[in-house]
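Colleague: Okay, handing you the structure first.
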Amino acid sequence: MMEKSCTLLVHFDKGTPALANEIKEALEGNDVELKIEALKKAIMLLLNGDTIPQLFITIIRYVLPSEDHTVQKLLLLYLEIVEKTDSKGKILPEMILICQNLRNNLQHPNEYIRGVTLRFLCRLNEAEIIEPLIPSILANLEHRHPFVRRNAVMAIMFVYRLPQGETLLDSAPEIIDRFLASEQDPSSKRNAFLMLFNCAQDRAVHYLFTHIGRIIEWGEQLQMVVLELIKKVCRVNKGEKSKYIKIIISLLDAPSSAVVYECAGTLVSLSSAPTAIKAAANTYSQLLLSQSDNNVKLILLDRISELKASHREIMIELVMDVLRALSSPNVDIRRKTLDIVLDLITPRNINQVVMMLKKEVVKTQSGELEKNGEYRQMLVQAIYSCAVKFPEVASTVVHPLMDFLGDTNVASALDVAVFVREIIETNPKLRVSIIMRLLDTFYQIRNSRVCTHSLWIIGEYCLSLSEVESGIATIKQCLGELPFYTASEEKEAQDATKNSQVVSSTTVSSRRPVILADGTYATQSAALETAMSAPVLVQGSLASVGNLRSLILSGDFFLETVVACTLTKLVLRLEEIQPSKAEVNKATTQALLIMVSMLQLGQSSVLPHPIDNDSRDRIVLCIRLLCYKGEEVRKIWLESCRQSFVKMLADKQLLETEETKAKAQILSAQPDDLIDFYHLKSRKGLSQLELEDAVQDDLKRATGEFTKDKDDANKLNRILQLTGFSDPVYAEAYVTVNHYDIVLDVTVINRTKETLQNLCLELATMGDLKLVERPQNYTLAPESSKQIKANIKVSSTETGVIFGNIVYETSSNVLERTVIVLNDIHIDIMDYISPASCADVSFRTMWAEFEWENKVAVNTVIQDEKEFLNHVVKATNMKCLTTPLALEGECGVLAANLYAKSVFGEDALVNVSVEKQADGKLSGYIRIRSKTQGIALSLGDKITLKQKGGL
C-alpha cells in the first residue's frame, strides 16, 4: 500500500484500538455525544491506515442527516481523508451520494455550516464531485456574512487551480475581479486578491495600480499579499521595479509593524539605491525601539547587521539610533548591538558613541540588576576597542574606567587592567595621570590577577622620583606590617593542623586545572578567582588588612613573585634618579625585608601548603639582584621587559591591520567592463530614487558585486551518487546547505524500457535533521528523468546522516513494488562552522566552563609542527588565535588555540599540543571542547579522518 498525503494533524492517544462494530453501533444510535466520539475514532483509524469501508454507507445513512454542527464538522474531516478513488484513479460510485449533502450544506441557513463546507472543498481534488457544486459555490460570493464569502473565494481559487480547473470554472478570474471591486470586508478582499495573485497575475497588477492611492488604507493581510506580488513581479521583470518601489516606500507608513518590516525587507531585496537602503535602515531602527519582544529585537538586529555588511556608509549615519537598543535588559540584545556599533565607528561619531557607553557604564553601578557585571564587562571591552581604534578618546575614558579596577566582577576588572596597560604605552601624555590614579586606587583592588597587572604597570611606568617613591610606599602600605605572622600564630596553626586532618571544603587553597595563554595546563589557586575575603588563619591585629596582604596570606605565591619583581624594578630605577645613596639603601633594605618575609611565610606552617619551587626561585633571584646589581641585568629588567611589550602591541596592531585589509578587498572589474558616469546618465524623467537605483545596478555590475554562480568544480563536488550504474533507476543528489536547512536536488533517471508508476523517494534522517515534507509520487516514462526536491531542517551543529530508498511499480506488474536502497548522505559539519575571533580571556573562560571534551591523539605523517598546525586549521575551518610571534622558532614543541563559531551560535574550542620525537614523528593531543556533545564528537571525527590522510 502506497502512503497517501495527509492534510490533517490530529493528536492520537494510543490506547485500546476501537473496533469497527462498536463504531458502527454508536453511529446508528440517536445519542449525539456517542456519534461524535464514534466519528473521532473512525477518523483516527483512517489516519492510522485502516480503510474500514463498511462504515461509509452507515455514515451516509445515519450521520449525513444530522443537524449538529460538531457532527457536520467531523463528517467533513472524515470525508476529507477517506479514499475517494479506486486503484485506477476513478471516482468511487458511492462518492456521488455525498454531492447532494454538500449542496445542501452550501445552501444551509447557518453561515458556519456553509463556511466549513467551502473550506472542505479547498482540499478536494476530484473534479467529478466538485463540478455539480460550482453554481452553489459562486452563489456564496453574495452571502451576507464575510466568513462565508472569504471561504467561497478560497474554494474558487483551489477549484481553478485543479488540473481541469480552467474547464470547470473558466470565468473565475473575471468573477473574483468584480467581487474584489465591490467587497468591503478586509479578509475577503485579501483572499480575492490572493486568488488573482496566484491565478491571474495581470488582473492583480491592474487592480493594484488602479487603487494605488488607497493602498495605505487597506488591511494588514491585503498589504502583505501586495508585497508578495511585488516581489514576484520584480523577479520576472526587473525593468519595472522602480514603480513598485514607490508603493513599498508608501507602505512604510502603514500602522502594522509586520507590514513595515516586510516592506523594509522587500526594499532591500529589490533595490540598492541609497535612498531605499536608508529608508529600510530607518524602519529597522524604529522597530527596534518600538517592539518589546526580545526575539523580534534579535531578528531586527540580524537584519541591521546584514545591511551593515553591504551598505556600511549608510548605516554609519544611524549608529546612535541602533545604540539606543542598549536600553533592553536582555544581554544577548546588548551584545549584538555593541558588535554592530563597533563596526560602524568613525572619527565623526566616536565621541557620541563613547559618551553613550560611559553613561551605560555608570548605570550599571546604580542598580543590582541581573547580569549587571557581565554587561559592564561588555561595555568595558567596547570602550577598549574604541580607544584602540581612536587613541584620541582614550583620555576621556581611561580615568572613569579605572574606578572599576576594584570591581567585584573579575572579568570586567581584568579587562580594565589590560586596557590601562595598553593605553599607558600607546598614549605617553596620559602616563603621569594614569600612574597617579592607579596608585590612589590600588588599595581597592580585590582580585589577584588584577593586582598582578597593576603591579606590572607600576613597576614599568613609574619613572620620576616622586612616582617611584609613591609606588614603593603604596606596596608597603598594602602589604601591612612585617612579619606576616608571629611565632604564637605559627604554633596555633601547627596545633590546628594536628587536630584537624580533614580540610574543610571552604579552604581557600582549593585548586583546579586551568589553560594558559599558550594552550598548556597549570594548577590555579582558587584565590585567583575569588574576591578578597578575610584570611582564615590571621586573627587579632590584622582584622583590617591590605589587599596584597590578604591575598598573600591566602596562599597566592604567584602574586608574591610579582610583588618582588615590581619592588626590584622600582629600587633599580630609584638608584638611577635618587641622588641620595642613603635613601636608595633604605629602600633596598625595605624591599629585601619584604621578600625575605614572603619566603619565610611560604615555608612556614601558617599557610595550608608550602611555596612552590618556581615562585621561591623567582623571589631568590630578586634578592640576589638587589644585593649584586650589574649594568647588564639592570638593562634587562628596566628596558627589555617594556620592549617586549611594545613588540607584542606592534604585532597585534599589524595582525589587525592585515585582517582589515583582507576584509576590505572587493571583487575587481573586468578590463572590458562598461564604465558608467553618474552625471552623464540620461534622466528620462526618472525620480531621484529611480535614478539612484539604476546607477547602483550599473555599479554593481561594474564592480562584480552581483551574485555570480559558484565555480562549476565546486558544484560537482556537491553531487553525490545515490544508486549504482547497473540499477534500473539511477539517482544522484546535489546538496545545498543554507544555514538552517538543506536542499536535496535529486535527479532520478529511468534506465529501463518500461514506465515506472508511483515512483517515490523515501527519505529518513539521523541526528538533528528533520525532513520537512515527504516528496510526492511520480510516473516516469521509459529512459526519462525527473528532478525531485527535498527540504531538510537542521537544528544544531552535528554531523547528520540522510538515508532512504526509491520505491516504484512497473506497468507490467502493478502489484509488485521494487525497492532500491540509496547510498547514505553524510552532512559535513564544516558547512556550519566558520572561523571567528575571541579574546584569550574569553577562550580560557569558555574552556573552563564547557563540559564536553573530545581528546584526539596526534597520528600523522607530517613531521613539521607548523605544517601540521596549518593542516588542522585548514581541515577544521577554524581560526588560530595564537599569534604568529608565539609560533616562531624551532624548539620541537608547539601549542596553539583554535576557535570557530557555528551558524547556531555554538562555540568550538580546539587546543593543539604537539611535540617532535627523536625519530622525527609528531606526538601529542588535540583537545576539542564545546557546550554540546554533537560539535565535539563531529569535530573529533573530522580531525581523526583528516590527519591520517596527511596533506
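The values are calculated or read from the model by the stated rules, or taken from the named source; none is laboratory data. Here the structure is a predicted model, which is why all the values come from computation and not from measurement. All Cβ positions, even for glycine, are placed from backbone atoms using ideal geometry, and neighbour counts span all protein chains on display. Areas reflect the complete protein model, heavy atoms only, side chains present, ligands, DNA and RNA absent. Shrake-Rupley method; radii C 1.70, N 1.55, O 1.52, S 1.80 Å.
Colleague: Based on the Cβ-Cβ distance from Ser292 to Thr810, what FRET efficiency comes out when R0 is 56 Å, to the nearest 0.05?
Modeller: E between Ser292 and Thr810, to the nearest 0.05, is 0.40.
Colleague: Let me ask something else. Just to be sure I understand the model, the point goes 7 Å from the Cα along the line to the Cβ. What's the resulting Ala258 to Leu638 distance in nm?
Modeller: The two pseudo-label positions are separated by 7.5 nm.
Colleague: Accessible area per residue for region 717-827 in Å², computed with a 1.4 Å probe and the full protein assembly in place, what is it?
Modeller: 52
Colleague: Sort Cys199, Cys234 from largest to smallest accessible area, using a 1.4 Å probe on the heavy atoms of the protein chains.
Modeller: Numbers: Cys199 35, Cys234 5 Å².
Solvent-accessible surface, decreasing: Cys199, Cys234.
Colleague: Can you compute the radius of gyration and Dmax for region 717-827, using only the Cα atoms, both in Å?
Modeller: 14.3, 46
Colleague: Accessible area per residue of region 345-461 at 1.4 Å probe, in Å²?
Modeller: 40
Colleague: Using R₀ = 25 Å, calculate the FRET efficiency as 1/(1 + (r/R₀)^6) where r is the Cβ-Cβ separation of Val801 and Thr747; round to 0.05.
Modeller: The value I calculate is 0.75.
Colleague: If the convex hull of the alpha-carbon atoms of region 345-461 is projected onto planes in all directions, what is the mean projected area in square nanometres?
Modeller: Numbers: hull surface 26.9 nm².
Projected over every direction and averaged, the Cα hull of region 345-461 covers 6.7 nm².
Colleague: Let me ask you something else. Where nothing but the Cβ of Lys and Arg (+1) and of Asp and Glu (-1) is charged, how large is the charge dipole of region 831-947 around its Cα centre, in debye to the nearest 20?
Modeller: For this selection, approximately 180 debye.
Colleague: Right, next: Please state the shape class of region 113-206: rounded when a/c is under 1.5, otherwise prolate if a/b exceeds b/c and oblate if not, all from the C-alpha gyration tensor.
Modeller: Cα axes put region 113-206 in the oblate bin.
Colleague: Return the distance in nm (one decimal) between the two label points of a simple spin-label model at Arg178 and Arg624, each offset 7 Å from Cα along Cα→Cβ.
Modeller: Inter-label distance under the simple model: 10.8 nm.
Colleague: List the trypsin sites (Lys or Arg not before Pro) within region 126-198 that fall in a DSSP loop (any state other than H, G, I, E or B) and whose Cβ has at most 11 other Cβ atoms within 10 Å. Walk me through the numbers before you get to the answer.
Modeller: Details: sites: Arg144, Arg149, Arg150, Arg161, Arg178, Lys189, Arg190; in loops: Arg144, Arg161.
Counting only loop positions with at most 11 other Cβ atoms within 10 Å, the trypsin sites (Lys or Arg not before Pro) in region 126-198 are Arg144.
Colleague: For His108 and Asn585 in one chain, what is 0.36 nm times their gap in residues minus the Cα-Cα distance, to one decimal in nm?
Modeller: Length gained between His108 and Asn585: 160.6 nm.
Colleague: Between region 830-848 and region 109-133, what's the alpha-carbon centroid distance in Å?
Modeller: 58
Colleague: Which residues among region 121-140 fall inside the zone where the amide N is under 14 Å from a point 7 Å beyond the Cα of Gln164, along Cα→Cβ?
Modeller: Hits in region 121-140 for Gln164 at 14 Å: 125-134.
Colleague: Could you work out how much longer the chain between Leu482 and Val236 gets when fully extended? Use 0.36 nm per residue separation minus the Cα distance between them, nm to one decimal.
Modeller: Gain in length upon complete extension: 80.0 nm.
Colleague: Using the structure shown, select from Lys278/Lys874; Lys647/Lys874; Lys246/Lys297; Lys297/Lys879 the pairs with a Cα to Cα distance greater than 32 angstrom.
Modeller: Lys278/Lys874
Colleague: For a distance above 17 Å, tell me the whole-number percent of Cα pairs in region 802-951 that qualify. If you can, show how the numbers build up before the last one.
Modeller: Working: 7315 of 11175 pairs.
For region 802-951, the share of Cα pairs beyond 17 Å comes to 65 percent.
Colleague: Need the C-alpha centroid separation for region 277-338 versus region 168-183, integer Å.
Modeller: Distance between centres, Cα-based: 43 Å.
Colleague: So what's the gap between the Cα centers of region 860-927 and region 437-489, to the nearest angstrom?
Modeller: Their Cα centres are 39 Å away from one another.
Colleague: Averaged per residue, what accessible area in Å² does region 53-184 show with a 1.4 Å probe, protein chains only?
Modeller: In whole numbers, region 53-184 has 47 Å² accessible per residue.
Colleague: Oh, and also: Between His826 and Glu867, 0.36 nm times their residue separation minus their Cα-Cα distance comes to what?
Modeller: Roughly 11.9 nm would be gained on extension.
Colleague: R0 = 45 Å: FRET efficiency of Asp840 with Val772, Cβ-based, nearest 0.05?
Modeller: On the way: r = 42 Å, r/R0 = 0.93.
With a Förster radius of 45 Å, E is 0.60.
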